[in-house]
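Visitor: One structure, pasted below without further comment.
The values are calculated or read from the model by the stated rules, or taken from the named source; none is laboratory data. A quick note: this is a predicted structure, and the numbers were derived from the prediction, not measured. Note that each Cβ is placed from the backbone with ideal geometry, even for glycine, and that neighbours are counted across all protein chains shown.
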Amino acid sequence: MPLRVPGKKQTLLAYLQRGVAMVHLDARRPGVLVPPEYAREAHLRLNLSYRYAIPDLDVSEARVQATLSFGGRPFRCVLPWESIFGITSHTSGDGQVWPEDLPTEVVQTMADPRDRAPEKRARLSAVSPEGTPEQESGPESSKGPDAGAARRHLRLVR
């Protein structure tokens, strides 16, 4: 039976249950509200966690809203789901990417992994529409306490 790939909202909520979730978004997309100095970022990363006690964290069908701290200053952020192209879990190392929402600039940085140092390459697994793995690429990390263990990796969801 094929693996069912969860949607963005379900993925974020599951990762928040584990701890810190990093949302990867294109801040230039319509409806995104972030501090002006970050509004032109093709790949903005924001950390969310229930442990941060964000009083207005709201994960709805249309968007994620939360007042986050930027350099010690609070800012009410609005992140439509269409702007979010990836979500990763700090706790487990799992992550998912939605290629239909990837900015061109981010795709270009992923295009030729030979241009980056081996320790900086992500282990990627493409997932077919049926949810089955198609390919894997990238090195296993040989550093850290889990050097012999299989590493979790980012899943490319199509």
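Visitor: Among all residue pairs at least 6 apart or on different chains, which show Cβ distances below 6 Å where the first residue, located in segment 83-104, is farther than 13 Å from residue 45 by Cα and in contact (Cβ under 8 Å) with a residue 40 or more places away in the chain and the second is of a type in the set (Asp, Glu) and assigned to a loop (DSSP other than H, G, I, E, B)?
Guide: Here the result reads 103/26, each pair linking segment 83-104 to a residue that is of a type in the set (Asp, Glu) and assigned to a loop (DSSP other than H, G, I, E, B).
Visitor: Only one of these conditions is not met by residue 134: (1) modelled with pLDDT of 50 or more; (2) in contact with a strand residue (DSSP E or B) (Cβ under 8 Å, 6 or more places away or on another chain); (3) surrounded by fewer than 17 Cβ atoms within 10 Å (Cβ to Cβ). Which number is it?
Guide: Residue 134 satisfies all of (1) modelled with pLDDT of 50 or more; (2) in contact with a strand residue (DSSP E or B) (Cβ under 8 Å, 6 or more places away or on another chain); (3) surrounded by fewer than 17 Cβ atoms within 10 Å (Cβ to Cβ) except (1).
Visitor: Residue 62 - would you say it is more than 26 Å from residue 108 (Cβ to Cβ), among the small types (Gly, Ala, Ser) and touching an Asp or Glu at 6+ places or on another chain (Cβ under 8 Å)?
Guide: Spelling it out, it is not the case that residue 62 is more than 26 Å from residue 108 (Cβ to Cβ), among the small types (Gly, Ala, Ser) and touching an Asp or Glu at 6+ places or on another chain (Cβ under 8 Å).
Visitor: Could you check, for segment 50-65, whether at least one of its residues is small (Gly, Ala, Ser), under 10 Å from residue 23 (Cβ atoms) and either in contact with a strand residue (DSSP E or B) (Cβ under 8 Å, 6 or more places away or on another chain) or modelled with pLDDT of 95 or more (or both)? Show your work before the answer.
Guide: Step one: filter segment 50-65 for residues small (Gly, Ala, Ser), giving 53, 60, 62.
Imposing the further condition that a residue be under 10 Å from residue 23 (Cβ atoms) reduces the set to none.
No, because not a single residue in segment 50-65 is small (Gly, Ala, Ser), under 10 Å from residue 23 (Cβ atoms) and either in contact with a strand residue (DSSP E or B) (Cβ under 8 Å, 6 or more places away or on another chain) or modelled with pLDDT of 95 or more (or both).
Visitor: Of all residues in segment 78-106 being polar (S, T, N, Q) and part of a helix (DSSP H, G or I), which is farthest from residue 63 (Cα to Cα)?
Guide: Per the stated criteria, the residue is 104.
Visitor: Can you say whether residue 59 is surrounded by fewer than 16 Cβ atoms within 10 Å (Cβ to Cβ) and among the aliphatic types (A, V, I, L, M), as far as the supplied structure shows?
Guide: In short, no.
Visitor: Looking at 126, 147, which is the one that is at pLDDT below 50, over 16 Å from residue 15 (Cβ atoms) and surrounded by 15 or more Cβ atoms within 10 Å (Cβ to Cβ)? Step through it out loud before you land on a result.
Guide: On the way: 147 fails: surrounded by 15 or more Cβ atoms within 10 Å (Cβ to Cβ).
Step by step, each of 126, 147 is checked, and only 126 is at pLDDT below 50, over 16 Å from residue 15 (Cβ atoms) and surrounded by 15 or more Cβ atoms within 10 Å (Cβ to Cβ).
Visitor: Another one. Picking from 67, 11, which residue would you name as being β-branched (Val, Ile, Thr) and surrounded by fewer than 13 Cβ atoms within 10 Å (Cβ to Cβ)?
Guide: That would be 67, the only listed residue that is β-branched (Val, Ile, Thr) and surrounded by fewer than 13 Cβ atoms within 10 Å (Cβ to Cβ).
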